[in-house]
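Visitor: Below are the structure tokens for one structure; questions will follow.
Each reported figure results from applying straightforward, stated rules to the coordinates on display, with no laboratory input. Just so you know, these numbers come straight off a predicted model, no measurement behind them. Note: ideal-geometry Cβ built from the backbone for every residue, glycine included; neighbour counts use all protein chains shown.
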Amino acid sequence: MARLYANENFPLRVVHHLRGLGHDAITIQETGKGGQSVPDESVLEYAVAEERAVLTINRRHFIRFTQDATGDSLPPSRGLRPHPPPPQTLTMALEDVP
């Protein structure tokens, strides 16, 4: 299953749904960084260090950080759109994750 890191703006109900499906999902609040206006760059650095994918509604900023760091862009969102995706849509997007 996927190792996931939910940013502050990501719906907690979706995180709980993903956990129920067996994914290893943690939130920024659970790491003690909630409510601290942690910069998106720091969120991404933490996720990379912990080998987790970031769950966020703020996708555009993370695409920019990835492009700046690697010169590459992130893969397509597979139909996910912000505000927030329903748990079933996210579940379908994660089906191929080992």
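Visitor: Quick one: how many residues across the stretch 3-39 are crowded, with 17+ Cβ neighbours inside 10 Å and of a type outside the set (Ser, Thr, Tyr)?
Guide: Qualifying residue count, the stretch 3-39: 14.
Visitor: Here's a follow-up. Are there any pairs, at least 6 apart or on different chains, whose C-beta atoms fall under 7 Å, with the first in the stretch 10-23 and touching a residue at least 60 places away in the same chain (Cβ under 8 Å) and the second assigned to a loop (DSSP other than H, G, I, E, B) and of a type in the set (S, T, N, Q), and if so, which?
Guide: Within 7 Å, the pairs are Phe10/Thr56.
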